[in-house]
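Undergrad: One structure follows; several queries about it will come next.
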Amino acid sequence: MKGIVFREFIDMVESTFGDEMIDTILSSCDLESGGAYSAVGTYDHTELVQMVVALSGQTGIEVPALVEAFGTYLFGRFLELFPVFFEHETSFEFLNSIHDVVHVEVLKLYPDAGLPSFESQISEDKRTLHFEYHSSRHFADLAVGLMKGAFAHWGEDVHIDIEDRTTGEKQVVMFTCTRND
Ligand code: HEM
């Protein structure tokens, strides 16, 4: 996983829980990188999992809730860093562009990025988005947080129905997103 993601996680922990918390977490984890991440470097994604588990131990907040909250934080950061990808009328159109446009551009910038794949389809009446996540890194909760960030950004009221379809090593999750507004 690219260093940019680790740096954003550390920034979120610092701004939410304070500098001491990040020191506590880094000293309790046995990280190959030692906790020093360059934005363009590539690191084992399990280092992020270790840090989240340590943060969960310190705060009592469940791991999935922390990963989701990080996803929503990351949405805000991606919006600031790469505004060009967000020029869409609705969140569904934006999410529909992740696999074929956004993550394709990410791969051009960072050829060794480990990205999930998505199969997505907007219904004819545009009220439902089927968005299926596939990844060996098992970060579907991160996707949920990113999606919630998108719904909030476009000011939409969207219900996400989550169905785990994992059968093999890759995590497969179907998100059925329905507009309530
Ligand atoms: C809001 C919609 C988005 C969703 C649902 C999404 C989903 C994800 C997920 C779940 C991951 C973690 C890796 C994995 O699960 O295999 C990921 C990685 C990543 N995404 Fe996205 N993403 C979104 C938008 C974006 C945007 C707008 C950008 C920036 C232009 C971006 C850039 C990246 C980068 C840099 C990584 C890390 C790749 C790596 O560490 O090797 N994503 N994305």
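The values are calculated or read from the model by the stated rules, or taken from the named source; none is laboratory data. All of these numbers come straight from a predicted model, not from anything done at the bench. Here the Cβ is made from the backbone with ideal geometry for all residues, glycine too, and neighbour counts use every protein chain on show.
Undergrad: Picking from PRO64, PRO83, which residue would you name as being surrounded by fewer than 13 Cβ atoms within 10 Å (Cβ to Cβ) and not acidic (Asp, Glu)?
TA: PRO83
Undergrad: Which one of THR90, THR59 is surrounded by fewer than 18 Cβ atoms within 10 Å (Cβ to Cβ) and closer than 16 Å to THR16 by Cβ?
TA: After ruling out the rest, the residue left standing is THR59.
Undergrad: Take residues that are away from the ligand (no atom under 12 Å from the Cβ) and tell me which of the helices (runs of 4 or more DSSP H) falling wholly in region 36-103 contain 2 or more.
TA: 46-59, 63-81
Undergrad: Are any of the residues in region 160-171 in contact with a His (Cβ under 7 Å, 6 or more places away or on another chain) and part of a strand (DSSP E or B)?
TA: yes
Undergrad: Which of the residues spanning region 11-48 are under 22 Å from THR72 (Cα atoms) and either buried (at least 17 other Cβ atoms within 10 Å of the Cβ) or assigned by TED's automatic domain parsing to the domain that holds PRO116 (or both)?
TA: MET12, VAL13, ILE22, ILE25, TYR37, TYR43, HIS45, GLU47, LEU48
Undergrad: Assess whether ASP141 counts as being buried (at least 18 other Cβ atoms within 10 Å of the Cβ) and either under 29 Å from THR46 (Cβ atoms) or of a type in the set (Val, Ile, Thr) (or both).
TA: yes
Undergrad: So is GLU47 modelled with pLDDT of 95 or more, out of contact with any helix residue (DSSP H, G or I) (no Cβ under 6 Å at 6 or more places or on another chain) and more than 16 Å from GLY114 (Cβ to Cβ) or not?
TA: no
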